[in-house]
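This report concerns only the one structure given below.
The values are calculated or read from the model by the stated rules, or taken from the named source; none is laboratory data. Nothing here was measured: the structure is a model prediction, and the numbers come from that model. As a convention, Cβ positions derive from the backbone with ideal geometry for all residues, glycine included, and neighbour counts pool all protein chains shown. Side chains are part of the model used for accessible areas, which takes the heavy atoms of the whole protein and leaves out ligands, DNA and RNA. Shrake-Rupley method; radii C 1.70, N 1.55, O 1.52, S 1.80 Å.
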Amino acid sequence: MGHIDMDKIRRHYTFRGRVQGVGFRYRASYAASMYGVTGWVCNRYDDSVEMEAEGCLRL
């Protein structure tokens, strides 16, 4: 049976406002790599940005 990592957390976000065309995805990717966070970021047709991130829970 596989090991379940209880220290991981996953979140889904939608950002609205001025988030496209300002380097948001690049900065999110850079920050994620610095903190060991995985996931994805994509531009939506309604000019929002959607992101899902997973990483270790730190208290």
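Points to keep in mind about this one:
- Test set (1) open to solvent by 50 Å² or more (accessible area, probe 1.4 Å); (2) outside any helix (DSSP H, G or I) - Arg27 fails condition number: (2)
- Candidate set: the range 30-59, residues that are aromatic (Phe, Trp, Tyr) and touching a residue at least 12 places away in the same chain (Cβ under 8 Å); chosen: the one surrounded by the most Cβ atoms within 10 Å (Cβ to Cβ): Trp40
- Neighbours by Cβ (under 8 Å, 6+ apart or cross-chain): first from the range 12-29, over 10 Å from Val41 (Cα atoms); second open to solvent by 60 Å² or more (accessible area, probe 1.4 Å) and not acidic (Asp, Glu): Gln20/Asn43
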